[in-house]
Structures are given as C-alpha cells and as structure tokens.
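*Asks:* Starting off with a structure, shown below.
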Amino acid sequence: MKRLITLSTTAAVLAISTVLFASDANDWPNWRGPRQDCTSNETNLPDKWDPRGGEGSNLLWKNDKLGGRSTPIVLNGRLYTIVRDRPETNLEGEKVACADAATGDVLWEHVFNVYLSDVPDTRVGWSSCVADPETGYVYVQGVCGYFCCLDGKTGDVVWERSLHEEFGLLSTYGGRTNIPVVYGDTVITSSVVIGWGDGPQWGMMAKPAHRFLAFDKRNGEYRWLGTTNLIPDDTTYSTPTIARLGGRDVLVFAAGDGCVWALEAGTGRQVWSYPFSRRGLNVSPLVTADGRVFMGQSEENMVGNTMGAVVALDGNIDPDKRPVSLADKELWMNYEVMAGKSSPVMLDNRLYVIDDRAKLFVFDPDSGKQLAKKALGTVMRSTPLVADGKLYLCDNNGRYYTLKPSGEGADFELDTLHKLRIAGEASDGSPIVSHGRIFLPMSDTMYCIGNNDSIASNETTEKLDPYPWADSTNDAKADAKVAHLQVVPFETTLAPGQEQAMRVRLYDDHGFYIRDASPDEIEFTVNGPGEVDASGKYSASASGAHECALVTCKLGDMSGTARIRVVPPLPWKFTFDEADDVPLTWVGGRVRYVVREGENGKFIAKPTELPTKPGAPTTKLGTRSQMWMGLPDMHNYTITADVLLTVGEDSSDADPGAAAPEVPDSIAATAEKLPDIGLINSCYTLTLFGQSQEVRLYSWCTHDRRTQASKAMDLKPNVWYSTKLRVEPDPDAGVCRVMAKVWPRDESEPNDWMFEMIDEAPNYKGAPGLFGSSKDAEAFVDNIEVTPN
C-alpha cells in the first residue's frame, strides 16, 4: 500500500463526550473558519500568554507532535492537522494527526508515504484538513497528490484517490498544495493538472491548467471538472471561498494563471475571471456578504513594471450572464503592496492586509484609502485570526501579537496588547479559535491558549445556521428549466469488456441541482470504441487495446459528456512502429512525448520545447515531467524500456541509428547538455541522469534518507541503453523489494541487479510510467514492456 494506517482506540478517544456529526457554532471545520473569513464571534479570549507555561500563563497545553506548516481545524471536540511523520529518517512520510482539542492528546494518526514528488521534507504538510459537519468525515490532500476521506472518529479510510496517477496532478519542489472545500454533497480540490486526452473534444487535458475536481463526498465518485487558462506559470495554494454571487453558488479562488476566478460550485462552469497578475496567486480571496472580493498578490502586475497589489472587486454579476470578465468591475486597486502570502481579513469595516515583509496595512474597504500601517517583523506567511474585537497573529520568525483597534477617523490607532517571541520556531500555519481555545501552529509545536473563563463563556451546542449555499438542492425548484447536464461519473477507467452505468444529473441555469434524469428522457451515444445502451450503461470493447471513448447524453438541444479510458490487463508492449502518437490513455503523455522515426523504426521523444497555443511561442514548462500508463492499484510487475540521451540545443533531427559520436575521456562538457530519462514502477523511479552521470533509484527524489541509491555511470550520448525496474511487494513482511539495472542495449543483459533495496515504508502499488527532463536536449524511449512478475 502507499500508506500505512496506524489507529489507536484509547481511553482518551472514548472520553470525548461530543456527539459525532452534531456541529455547533464554535467548531472550526476548515482553516478559515465557519464563515471562511478567519473570523469568530467568540469572546473573553485572553490577550496575553506565555509559551513557557506555568500558573497564569494562559497556556492550556502544548504538543510537539502536532507542530508543522498546516493550519489545524476543530470538529466535535477533535483537532485535526497534517504533519511530518518520522522526520529525518528513512521511513519519513506525511500524516494526519487527530488530537483531543481539550488536552492535546493524540487519538489516532493516518500515515501515508510521500512519493513521485520533488517536494523537500521541510515543506511536507503544506495543506490543511477540511471537515464535513454533516458526515463527520475529514478530507486531506497530501503534498504528492494522495487524496483521502477519513472517518473523523476513528481515522479509518472511507475512500482515497491518487490524483497524480489518475488525473495528472503536478507535484513540484515548491510543495504548494491546495486545500479541499466541502460544498453540499461534494468535496472539491484542485491543482495544476496534466491529464489524458488531447484536443478540444477531450477538454485539452494534455496541456496543463489549474483545474478543479469535484467528488461525491461520501464515496469519492468523480462528479465534474472545472478549468482555468491553459499553461499556467505556477502551482498555488489559494483556498476557494464559497459564496453566493449573482444568484449563483460559486467558488472564488486565485489561480496559477494569475487570474481571480469564480466557478459554479455545483457544476464547475466558468462564471467570471479577473486578470490580476502575470504569475500564479497564493492568497485566498475574502468575499463579503455584499459580494465584494478582496485579494492580494506580490507578483508582477498586469500593467506597468511594478510588483504587488491589493484589489477590491464587485463579484456580483447579472445572473443571466456567464462567463464574463470582471475587468470593468474593479472597485479600487492599491499597487506595490506585496501581499502575496497572508490573506486579507475584515474587522469593524476595516480591511487588514499583511505584506510578505510583515508590514500590516489597514485600508478603508470602500475607497481603498490607507488608514494605518504597522511594522510587525520581517516575513509573514500566515493569516491573522479575528475574534473578540482583536487580531491574533504570528510572523514567520515567531513574533506573536495581540492587536486591538481603537478610535475612529483621524484618531484610529492599532494598539499592541501583547507581544512575545517564540524563539527558534517559524509560523506558516494560521491561528484559529474554537470553544474558547486559541490554537497556534508553529513549526515544532502546537500551542493551545485559553483559560477557564474563555472556555466557559464559549461552550455552546447550538446548531450552526446553514449558509445559503449549504444545501444547493433547496434552491432549484422541481419544475425548474433544465440548463445543464452533468454525466457521472465524469471519468472512468475500465478493463476491456467491463461495464459502467452512467447517470445524468440536471441543473438549472444558475447551477443548482434539480434532479436525476430518467433514462427515457435522455439519448445516449458513444464516440469511440464500445457501446452504450438506452439506460446509459457503457460496455467497453473487448479488443484488448489502450483506447478512449466519450459518452454523450442529449436532452433537447443540450448535451453532456463523460470520459472513458480503457486499460487492458498486463502484459503490455509499446514499440510505436505503427503509431502516429503516444496512446491517448497515457496520463500526461500527449504533447510531452511525440513519435519520431529513425533508420531503425519509430520511437518516442521528449521534446525540449512544448507547444502552447496556435501561433504562440513554445515553452519549456513541462519539459521535466512524469507520465503514467495505467492504474494506481497495479502491483507486482516489471517495466523495461530502451532509452537514449541526445545532446545539443536542437536534437529533433538526431538519428538514433547513427553511430555514437567520439567522446573524450572526460565528458563533463557534453554531459551538461544531456537530458534525464527514467522508468516508474509502483511509485519508485529508476532514472538516468545525464548531467550528473549517474543512475539513481528512488521513491522520493529530494529526500536523501528515504529509499534511494545511486551509482556513477558513463552515460554517453546517442547510445541506446536498456533499463529494467522490478518491484515485488511483500505485505506479510511489511516491505517491498525493489530491483533495477541498466546496460548498453547492444550488450547482453547482466545477471546481477545494479540495485537491490528493501523498503520498510513500502509503496505496494502504483501505475507504470516514465520520468523525463529534456530542458536542453531530447531523450528517446522505445520498446516499453510491462509484465507481471
């Protein structure tokens, strides 16, 4: 398995008296709180505290097992957060920790590996959990795309998805990880996604975009996909705000393409967009009850040569128009405010923004006029908590503040009620409050601040009043006019001959769910192999080929589609002799690999530049990437392939059948231009690194203690090498045996393995695939075989 689950049903678990699934007004189910604005109505909270503890310190507890980057959440008396597991060891991974919010005692942990990612260990746990008060479930997205639904009481896995292997999630060295949100009966998450399928009919999925994926919150069924502009510059970690704007329930978020967007929360359809920056955005938008959207960034602005800005937008639109641009809905803009990490908050009709250098700005939200400015420290990444008429915050260097505004107009001031320094700890996560307890996540420790008075005055069991968007089914009448068809599941992977029942959900013109369609009112057709009957049941063809199909449903002049990928059982062999392109089913394969032909036949190449739009310049974004050929539950198999490294600025005309060029004794100068190419098997990677002249086997490439081994090898350009990667899972022993070898193709296969490793934090399963980096020169691949062990 890719993750190890450790559950401990202790007396502490049984001692919690709150009733599961019964939420109250003082729970904090997502990192921005019940209103998604980092504000709380709680009162009598302590101004001062002492991290050293002791009498009168207002420190209720602290726990170094809960420290990290993540902002915690609280539901039903339990605190949930994401932290590193067994840091700085060869077993390190990521985990969800559940603790008693009153005592800090850890109740259970859900541990999972980090794999197929460049993220450094210090950036593990970047995301935050989100809880669903209706079901008591907790949803988590790990740094490498592992996405799961956990039972909040026990930590048991309800369902899980591998977002990178199934959908093509991009996990990079930056580690920026998006945070899910719950809407109605769905849980919605996002990332930069490079999926399978090429061309408009497939949604342009072969090209990257910041995309949103919605799943049934109870069983993980894939509902819909929403997308932004193609070829974004960055990954991001902006969390969507759910709001009702112009009569629609929307996700308002900042994207990797530099735009602020609104998508319909029930369908993923685009509502509006606003170009705000030339690079990706990380701040989470603040949306007020009157529909205004406040947003900050610290990148290059769309006009001029300045960087950083804070903007106010009118997010309300004509409910009969979609999509639109908000270019003419800008209320005000203040340039050169480098507010790219900490999200804006509102207190007493004043907007508070902290820039990346920990300078706090106070603005009039109506005019944008600056009311005050206060230096707090040097670096700011977290977002302030607004509660009890005060702001509670901590900069990245451990400077903690309690601030309180006073006075009006020209007499307005921001008083410092308390200031201290938590030496040696950084603050990336934000403070939250629940039931009279302030929780402050620091890099090494979680602190709980409060006292008997604050707890007693804020204990409540009152049911949360639902937001207008809490249950979208209440807002579409049964006889509403149908305006949108949603075929579910939106995407399915089947074996040859396997069947999938499709159903159609009907929505009105504002994106509200009406009902499921009956089969007799829908006409189903299929474009591609396989058949679909009148009831919507699709049957894959039995050809045994890797192939795709689109299932289309029609109701009047409206239509909706679902994507079908057919992946046969092993063994597989790809020689490309009859191919014009790589298989459409490969996740992240099209565009990133192209078919070429040499003297000895066809092969695939990883180009040094990738197309963007017709007539637009090419890009090097994506020349370092991973792709997958199958399913994430594949296991106990071997993958082999022949690979070749070219050299030079333009290697598209290189002939893999030509003799290898003469190479000097030292090929350091040549190696600087060589690419990297490798195989993926069950979340392990075997790569030939041309520039460093080594072969490496690893599961987490940037973690030097995690399963990893390397050997120097004279990797010559224009020479075909045979590569082999075998993974043997042994769940009974709790390990995987991982073996690999590389040799020149014109020589006999060596009897011995180049690498043999036993992984005690095993990845038992995972899709086969390729890794490649072709920034300076192309890599070629041929004769791929995947066979069961």
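The values are calculated or read from the model by the stated rules, or taken from the named source; none is laboratory data. Computed from a predicted structure; not experimentally measured. Reconstructed Cβ throughout: ideal geometry from the backbone, glycine too, with neighbour counts over all protein chains shown. Heavy atoms of the whole protein, side chains included, go into the accessibility calculation; ligands, DNA and RNA do not. Shrake-Rupley method; radii C 1.70, N 1.55, O 1.52, S 1.80 Å.
*Asks:* Show me the strands (runs of 3 or more DSSP E) found entirely inside region 309-418 where at least 1 residues are without any contact (Cβ under 8 Å) to a residue 40 or more places away in the chain.
*Replies:* 330-335, 350-354, 359-363, 370-375, 390-394, 399-406
*Asks:* If a residue has to be farther than 17 Å from Ala761 by Cβ and either open to solvent by less than 10 Å² (accessible area, probe 1.4 Å) or of a type in the set (Asp, Glu) (or both) to count, how many in region 84-129 make the cut?
*Replies:* Of the residues in region 84-129, 13 are farther than 17 Å from Ala761 by Cβ and either open to solvent by less than 10 Å² (accessible area, probe 1.4 Å) or of a type in the set (Asp, Glu) (or both).
*Asks:* Cβ-Cβ below 6 Å, separation at least six or inter-chain, first residue in region 141-157 and of a type in the set (Lys, Arg), second in a loop (DSSP other than H, G, I, E, B): which pairs?
*Replies:* If the second residue must be in a loop (DSSP other than H, G, I, E, B), the pairs left are Lys153/Leu20.
*Asks:* Tell me, which strands (runs of 3 or more DSSP E) wholly within region 75-144 include 3 or more residues that are of a type outside the set (S, T, N, Q) and more than 16 Å from the chain's Cα centre (by Cα)?
*Replies:* Strands (runs of 3 or more DSSP E) meeting the threshold: 78-85, 93-100, 106-112.
*Asks:* If we scan region 165-186, do we find a residue that is within 27 Å of Trp224 (Cα to Cα) and touching a Cys at 6+ places or on another chain (Cβ under 6 Å)?
*Replies:* Taking every residue of region 165-186 in turn, at least one turns out to be within 27 Å of Trp224 (Cα to Cα) and touching a Cys at 6+ places or on another chain (Cβ under 6 Å).
*Asks:* If Ala709 meets every condition in (1) surrounded by 21 or more Cβ atoms within 10 Å (Cβ to Cβ); (2) not in a loop (DSSP other than H, G, I, E, B) apart from one, which number is that one?
*Replies:* In the conditions (1) surrounded by 21 or more Cβ atoms within 10 Å (Cβ to Cβ); (2) not in a loop (DSSP other than H, G, I, E, B), Ala709 misses (1) alone.
*Asks:* Do you know which residues across region 150-180 are crowded, with 20+ Cβ neighbours inside 10 Å and either part of a strand (DSSP E or B) or touching a His at 6+ places or on another chain (Cβ under 7 Å) (or both)?
*Replies:* Leu150, Gly155, Arg161, Ser162, Leu169, Ser171, listed by residue number.
*Asks:* Considering each of Val719, Val727, Val742 in turn, give the residue that is β-branched (Val, Ile, Thr), open to solvent by 30 Å² or more (accessible area, probe 1.4 Å) and either in contact with a Phe, Trp or Tyr (Cβ under 8 Å, 6 or more places away or on another chain) or closer than 14 Å to Leu688 by Cβ (or both).
*Replies:* Val719
*Asks:* Only residues that are closer than 24 Å to Ala495 by Cα, out of contact with any strand residue (DSSP E or B) (no Cβ under 7 Å at 6 or more places or on another chain) and surrounded by 15 or more Cβ atoms within 10 Å (Cβ to Cβ): list them for region 568-620, please.
*Replies:* Pro568, Pro583, Arg590
*Asks:* Would you be able to tell me the number of residues in region 363-391 that are under 28 Å from the mean Cα position of the chain (by Cα) and open to solvent by less than 40 Å² (accessible area, probe 1.4 Å)?
*Replies:* 6
*Asks:* While we're on this one: Take the residues in region 653-696 that are part of a loop (DSSP other than H, G, I, E, B), among the small types (Gly, Ala, Ser) and at pLDDT 60 or above, then tell me which one is most open to solvent (accessible area, probe 1.4 Å).
*Replies:* Ser692
*Asks:* Condition (residue is closer than 21 Å to Tyr698 by Cα, under 31 Å from the mean Cα position of the chain (by Cα), among the acidic types (Asp, Glu) and part of a strand (DSSP E or B)) applied to region 741-761: is it met by at least one residue?
*Replies:* yes
*Asks:* Something else about it: Just checking, does region 446-459 include any residue being within 30 Å of Thr239 (Cα to Cα), open to solvent by 50 Å² or more (accessible area, probe 1.4 Å), modelled with pLDDT under 95 and of a type outside the set (Asp, Glu)?
*Replies:* Scanning region 446-459, I find no residue that is within 30 Å of Thr239 (Cα to Cα), open to solvent by 50 Å² or more (accessible area, probe 1.4 Å), modelled with pLDDT under 95 and of a type outside the set (Asp, Glu), so the answer is no.
*Asks:* With the requirement that a residue be open to solvent by 20 Å² or more (accessible area, probe 1.4 Å) and touching a residue at least 24 places away in the same chain (Cβ under 8 Å), what does region 44-60 give you?
*Replies:* Asn44, Asp47, Lys48, Asp50, Pro51, Asn58, Leu59, Leu60 - these are the residues of region 44-60 that are open to solvent by 20 Å² or more (accessible area, probe 1.4 Å) and touching a residue at least 24 places away in the same chain (Cβ under 8 Å).
*Asks:* For region 525-543, does any single residue satisfy the condition of being under 28 Å from Tyr183 (Cα atoms), open to solvent by less than 20 Å² (accessible area, probe 1.4 Å), over 31 Å from the mean Cα position of the chain (by Cα) and at pLDDT 95 or above?
*Replies:* Within region 525-543 (the criterion being under 28 Å from Tyr183 (Cα atoms), open to solvent by less than 20 Å² (accessible area, probe 1.4 Å), over 31 Å from the mean Cα position of the chain (by Cα) and at pLDDT 95 or above), the answer is yes, since at least one residue qualifies.
*Asks:* Next up: Does Thr71 satisfy being surrounded by fewer than 23 Cβ atoms within 10 Å (Cβ to Cβ), modelled with pLDDT of 95 or more and not in a strand (DSSP E or B)?
*Replies:* No; evaluated as a whole, the condition is false for this residue.
*Asks:* Here's another thing I want to ask about it. Under the condition of being buried (at least 23 other Cβ atoms within 10 Å of the Cβ) and β-branched (Val, Ile, Thr), which residue from region 131-149 is nearest to Gly77 (Cα to Cα)?
*Replies:* Val138
*Asks:* On to the next question. Check region 327-339 and report whether any residue there is among the small types (Gly, Ala, Ser), surrounded by 14 or more Cβ atoms within 10 Å (Cβ to Cβ) and out of contact with any Ser or Thr (no Cβ under 7 Å at 6 or more places or on another chain).
*Replies:* no
*Asks:* Any idea how many residues of region 562-579 are within 30 Å of Met502 (Cβ to Cβ) and of a type in the set (D, E, K, R)?
*Replies:* Total meeting the criteria: 2.
*Asks:* So, one more: Looking only at residues in region 181-195 that are surrounded by 24 or more Cβ atoms within 10 Å (Cβ to Cβ) and among the polar types (S, T, N, Q), which one is farthest from Ser117 (Cα to Cα)?
*Replies:* So the residue we want is Thr189.
*Asks:* Do we have any residue at all in region 207-215 that's under 21 Å from Ser127 (Cβ atoms), in contact with a helix residue (DSSP H, G or I) (Cβ under 6 Å, 6 or more places away or on another chain), outside any strand (DSSP E or B) and touching a residue at least 24 places away in the same chain (Cβ under 8 Å)?
*Replies:* The answer is no, given that none of the residues of region 207-215 is under 21 Å from Ser127 (Cβ atoms), in contact with a helix residue (DSSP H, G or I) (Cβ under 6 Å, 6 or more places away or on another chain), outside any strand (DSSP E or B) and touching a residue at least 24 places away in the same chain (Cβ under 8 Å).
*Asks:* In this structure, is Asp257 part of a loop (DSSP other than H, G, I, E, B) and surrounded by fewer than 21 Cβ atoms within 10 Å (Cβ to Cβ)?
*Replies:* For Asp257, the condition - part of a loop (DSSP other than H, G, I, E, B) and surrounded by fewer than 21 Cβ atoms within 10 Å (Cβ to Cβ) - is not met.
*Asks:* Does region 25-36 include one or more residues that are at pLDDT 95 or above, in contact with a Leu (Cβ under 7 Å, 6 or more places away or on another chain) and farther than 30 Å from Leu347 by Cβ?
*Replies:* No: region 25-36 contains no residue that is at pLDDT 95 or above, in contact with a Leu (Cβ under 7 Å, 6 or more places away or on another chain) and farther than 30 Å from Leu347 by Cβ.
*Asks:* Okay, next question. Filter region 762-775 down to the residues that are within 24 Å of Pro788 (Cβ to Cβ) and of a type outside the set (Phe, Trp, Tyr), then identify the one that is surrounded by the most Cβ atoms within 10 Å (Cβ to Cβ).
*Replies:* Leu770
*Asks:* On the basis of being in a loop (DSSP other than H, G, I, E, B), at pLDDT 95 or above and surrounded by fewer than 16 Cβ atoms within 10 Å (Cβ to Cβ), does Ser430 make the cut?
*Replies:* So Ser430 does not fit the description; no.
*Asks:* Given the conditions (1) surrounded by fewer than 23 Cβ atoms within 10 Å (Cβ to Cβ); (2) modelled with pLDDT of 95 or more; (3) within 27 Å of Val187 (Cβ to Cβ), which single one is not true for Glu300?
*Replies:* (3)
*Asks:* Residue by residue through region 500-531, note down the ones that are out of contact with any His (no Cβ under 9 Å at 6 or more places or on another chain), closer than 20 Å to Glu221 by Cα and hydroxyl-bearing (Ser, Thr, Tyr).
*Replies:* If the condition is that a residue be out of contact with any His (no Cβ under 9 Å at 6 or more places or on another chain), closer than 20 Å to Glu221 by Cα and hydroxyl-bearing (Ser, Thr, Tyr), then Tyr513, Ser518 are the ones that fit.
*Asks:* What about Ile784, is it assigned to a strand (DSSP E or B), open to solvent by less than 60 Å² (accessible area, probe 1.4 Å) and either closer than 26 Å to Glu597 by Cα or among the aliphatic types (A, V, I, L, M) (or both)?
*Replies:* Yes: the conditions hold for Ile784.
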